[in-house]
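See structure below.
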Amino acid sequence: MAITMTPAAIKHVAGYIQKRGSGFGIRVAVRTSGCSGMAYVLEFVDQKEPEDETFEMDGGVKIVIDPKSLAYLDGTELDFVKEGLNEGFAFNNPNVRSECGCGESFNV
């Protein structure tokens, strides 16, 4: 099982960790939410839990994922995109079967 990040996502996360002045990495998780059933959650991690899986990217950026979320995120690529005035993370998840119309949640 694995998750990857594009160079743009790595650069963005590394910049935020540097601005914070501390942090182990970024947690990527899946929670029950939204109209399709699941939503992605991103948060900075100062220390990982014993059961967490850690994936180290180029530049030393670490992604931390709990075992339950990993089953839904296996094979996912995390990207950071800019479209006009909007910017944010995009999840290229091969496990997604459908997404809600607003793009906030998904179903596997």
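The values are calculated or read from the model by the stated rules, or taken from the named source; none is laboratory data. The shown structure was predicted, so the numbers you read here are calculated from the model rather than taken from an experiment. Please note: Cβ atoms are built from the backbone with ideal geometry, for glycine as well, and neighbour counts cover all protein chains shown.
General remarks:
- Being in a strand (DSSP E or B), under 19 Å from P94 (Cα atoms) and not basic (K, R) is a condition met by no residue of the stretch 15-26.
- Residue list for the stretch 84-108, restricted to those being assigned to a loop (DSSP other than H, G, I, E, B), among the hydrophobic types (A, V, I, L, M, F, W, C) and at pLDDT below 85: V96, C100, C102, V108
- When each of D46, D58 is tested for being of a type in the set (D, E, K, R) and over 17 Å from A2 (Cβ atoms), the lone residue that passes is D46.
- With respect to the conditions (1) in contact with a strand residue (DSSP E or B) (Cβ under 6 Å, 6 or more places away or on another chain); (2) aromatic (F, W, Y); (3) farther than 20 Å from P94 by Cβ, Y72 lacks only one, and its number is (3).
The rows are residues; the columns are (1) in a strand (DSSP E or B); (2) of a type in the set (G, A, S).
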position	(1), (2)
L42	yes, no
Q47	no, no
E51	no, no
T54	yes, no
G59	no, yes
I63	yes, no
A71	no, yes
D79	yes, no
K82	yes, no
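- Residues that are free of Cβ contacts under 8 Å to residues at least 40 places away in the same chain and within 12 Å of the chain's Cα centre (by Cα) within the stretch 32-44 comprise V41, E43, F44, listed in sequence order.
- Within the stretch 15-37, the set of residues being buried (at least 17 other Cβ atoms within 10 Å of the Cβ) and hydrophobic (A, V, I, L, M, F, W, C) comprises I17, I26, V28, A29, V30.
- Of all the criteria given as (1) farther than 17 Å from H12 by Cα; (2) assigned to a loop (DSSP other than H, G, I, E, B), the one not satisfied by V30 is (2).
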